[in-house]
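The values are calculated or read from the model by the stated rules, or taken from the named source; none is laboratory data. Because the structure is predicted, anything quoted here is derived from the model rather than measured. Neighbour counts are summed over all protein chains in view; Cβ atoms, including those assigned to glycine, are modelled from backbone coordinates with ideal geometry.
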Amino acid sequence: MLQTVTSHTRQLLASDPNFKRLLTNSGWLLSGDSLTLVFNFLQGILVARLLGPEQFGILALITAYTTAVNQLVDSRVWETVIKFVTRYLEAKDFVRATAVVKLCYLVDALTGSLAFLILYFSAAVGARLFLQNEQQAYLIELYAAMMLIMIPNGTTSALLRVNDRFNWLAYQRVGVAILKLIGTIVLFWFGGGVQEVLLIYMAATAIGIVSLMVMAHHISHQLHLVTWFQAPLHLLKGELSPVLEFLLMTNAGAFFKLLQRNADMLLIGYWLSPAAAGYFRLARSFTDVMGFPINPIYTASYPDFTRLWSQQRMIELKRLVRKLLVLTCTVMFVILLLMWVSAPWLIDFTVGVEYRPALPVLHWLALGTALAAATNLGHPLLLAAGRVSSSLLAISLGVIVQLGLLVYLLPTSGIVGAGVAYIGFYLIWIVIVMGTIVSIFHGNDKQVESS
């Protein structure tokens, strides 16, 4: 039986090189993400034990607030790099490809600096509203520097994806996770608080960014990119409109995504307490683990979807999407059942019974995470097909539903209400995105039949 399955798998990979390449790239990310997941999970457990629920909640609220402000002004250029640099490389227009890279680095520098300034000067307000202690504003001011550290991340990592260097991305992520874990072990041994944890996060991230930039410099010659002086931005004059339109649309989507990902945490801090935020953050840490076998497919699929769509190889694209959807849904169903059954034991064994209040919301978050991971290929497919507006519509309507549920349920149901709102978002998102994808392929089938 096993021999038959193996033989069938080999034939499938041999007959579908796109599926093979995507699984190879996903495999590298999965290997890296698996190790990263283990290290980050251990690091998170140590931090939770070191700080306790209330201080752990303060740490979660600080990272949520800084992330929200960063994503509010973030350019999300990595999607733009993949779409337009891939297009120009396919056309052998290496000068314009470089101009797009140059533009994206400049946009990242502008938005990263703006995020730093907003965070630094709003630290007192953020601490008063969400940490419920204005004297801790200095922690937000400190962590604001992370925005400057992260400036090159989006464009640099996108270049590695364009060049199929997913193995290098895996090495880099694992390295950063190891550095964070080592630093946390030192704190756990010698003692430390929220400030020391934030400093470790910043130091490990800075080392990771430097390594990414070295990798990107190495592959720029393989991509035939020219120097920045040879690629002035005015060369994009005729193409600047679609590039900026795509950038603005994806940024709008990122804005709603930041609300979806961070509004619940911040509203918990505002309406409930830092301890409640700590319970919720722990539950999310556990459920975030669920998507690790599937998340690499999201990262690896976008370049392949873009390539197949640009070449109008629709039959291959449709076949690839169908196979991936079956794979992701099957895997996530099994993982969801395992999480529901093992959650009480995991909490008691890893962080202790003091975090037991996180269990009820964990069940709801697990279901939402399973729905999200099973259908996460929808967003990159819509981007590749140029249907950014459909993705934006799905995210915006989903966020409106989620925020409404949060406002209604949090004051009465506590953090469980945040879990229910999380489900509400993904139900709306799935209906719109999957409906759009079906219509795209159905419309293409009709065009083929008529021709």
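Checking PHE190 against (1) modelled with pLDDT of 95 or more; (2) surrounded by fewer than 16 Cβ atoms within 10 Å (Cβ to Cβ): exactly one of these is not met. Which one?
So the condition that PHE190 fails would be (1).
Name the one entry in THR80, THR98, THR66, THR86 that is under 17 Å from the mean Cα position of the chain (by Cα), in contact (Cβ under 8 Å) with a residue 40 or more places away in the chain, within 22 Å of LYS237 (Cβ to Cβ) and crowded, with 20+ Cβ neighbours inside 10 Å.
THR80
Pull out all pairs, ordered by first then second residue, where Cβ-Cβ is under 7 Å, the residues are six or more apart or on different chains, the first lies in the range 291-303 and is more than 14 Å from MET332 (Cβ to Cβ), and the second is part of a helix (DSSP H, G or I) and modelled with pLDDT under 75.
Listed by first residue and then by second, the contacts come to THR299/LEU29; ALA300/LEU22; ALA300/ASN25; ALA300/SER26; ALA300/LEU29; SER301/LEU22.
Looking at ALA170, ALA206, ALA158, can you tell me which residue is assigned to a helix (DSSP H, G or I), small (Gly, Ala, Ser) and surrounded by fewer than 21 Cβ atoms within 10 Å (Cβ to Cβ)?
ALA206
Please tell me if SER220 is of a type in the set (Ser, Thr, Tyr), under 18 Å from LEU169 (Cα atoms) and modelled with pLDDT of 95 or more.
So SER220 fails the test.
Residues in the range 107-114: is at least one on the phi > 0 side of the Ramachandran plot and in contact (Cβ under 8 Å) with a residue 60 or more places away in the chain?
Pass one, the range 107-114, residues on the phi > 0 side of the Ramachandran plot: none.
Checked against the condition, which is being on the phi > 0 side of the Ramachandran plot and in contact (Cβ under 8 Å) with a residue 60 or more places away in the chain, the range 107-114 yields no hits at all.
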